[in-house]
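A quick write-up on the structure given underneath.
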Amino acid sequence: MNITVLYGTETGNAEMLAEDVAAHLEGAHEVACTNLSDFAPADFDPGQFYLVICSTYGDGELPASAKPFAEAMEAEMPDLAGVHFAIFGLGDTEYEDTHNFGSRIIAEMLQARGASQIGERVLHDASGGDMADDLAMDWADSVVELAAQQMKEDA
Ligand SMILES: Cc1cc2nc3c(=O)[nH]c(=O)nc-3n(C[C@H](O)[C@H](O)[C@H](O)COP(=O)(O)O)c2cc1C
C-alpha cells in the first residue's frame, strides 16, 4: 500500500512518533513521512492512505506546524472524496476541557470535505500510563489492515 504519514507538531513529539510509525510500516509498504507544514490540500491523492498524527497546543488549538495547512483547507475547500485517512491525537488530560482538540479539528476538517476516516481517532494522554509509541504501532497496524479492505471495496 502507498502510505503517507502526516504530522502536526509544536515541540516535536508528533514528528518523532510519525517517524517511528513510518519506520514500522516501511518494508511492507511504500511510506512517506511529511510535516503538515509542507503539505497542501491539493497534494491529497486517493491512491495514498494517510495516517495523520497531530498534537494540541495553546488552549485547544492546532500545533504550529498544522496551522498553515488548516488555513489552506479553509481557503481552498478541496474536494477530498475518495481520500482515506486515520488519525492519532497527542494530548494531555491536564488540559481537561480541550483534551485532544487538535486531532479533532483535523478529523472534522477532512471529513467535512468528503474524506473517509478509517477506524476510531486514538487520543493519547501524556498524563496517562500508555506510551504513545505502543498505542501508535497497534493503531497503525490495525488501520492499515482496515484501509486495505475499504480501499479495495471503494475502488
Ligand atoms: C503550552 C501547552 C499547551 C497544551 N495544550 C493542550 C491542550 O489544550 N489539550 C491537550 O490535549 N494537550 C495540550 N498540550 C499537551 C500536548 O499536546 C502534548 O504535550 C503533546 O505531546 C505535544 O506534542 P508536540 O510536541 O508534537 O506538539 C499542551 C502542552 C503544552 C506544553
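We did not get these values from a lab; they are worked out from the coordinates using the rules stated. Predicted model, so just to flag it, every value in this text is computed and none were measured. Cβ: placed from backbone, ideal geometry, glycine included. Neighbour counts: every protein chain shown.
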### Message
Can you go through G114, G89, G82, G58 and tell me which one is more than 21 Å from E19 (Cβ to Cβ) and within 11 Å of the ligand (Cβ to nearest atom)?
### Response
G58
### Query
Of the residues that sit in segment 3-20 and are closer than 14 Å to A86 by Cα and surrounded by fewer than 24 Cβ atoms within 10 Å (Cβ to Cβ), which one is farthest from the ligand (Cβ to nearest atom)?
I3
### Query
In segment 97-135, what residues are in a helix (DSSP H, G or I), in contact (Cβ under 8 Å) with a residue 12 or more places away in the chain and within 22 Å of F44 (Cβ to Cβ)?
G102, S103, R104, I105, I106, A107, M109, L110
### Task
From E61, E120, E108, E74, grab the single residue that is more than 12 Å from the chain's Cα centre (by Cα) and surrounded by fewer than 16 Cβ atoms within 10 Å (Cβ to Cβ).
E74
### Query
Just checking, how many residues over segment 21-49 are more than 16 Å from the ligand (Cβ to nearest atom), under 20 Å from A64 (Cβ atoms) and surrounded by 16 or more Cβ atoms within 10 Å (Cβ to Cβ)?
1
### Task
Give just the number: which of (1) closer than 17 Å to I118 by Cβ; (2) not charged (D, E, K, R); (3) not in a strand (DSSP E or B) does A42 not satisfy?
(1)
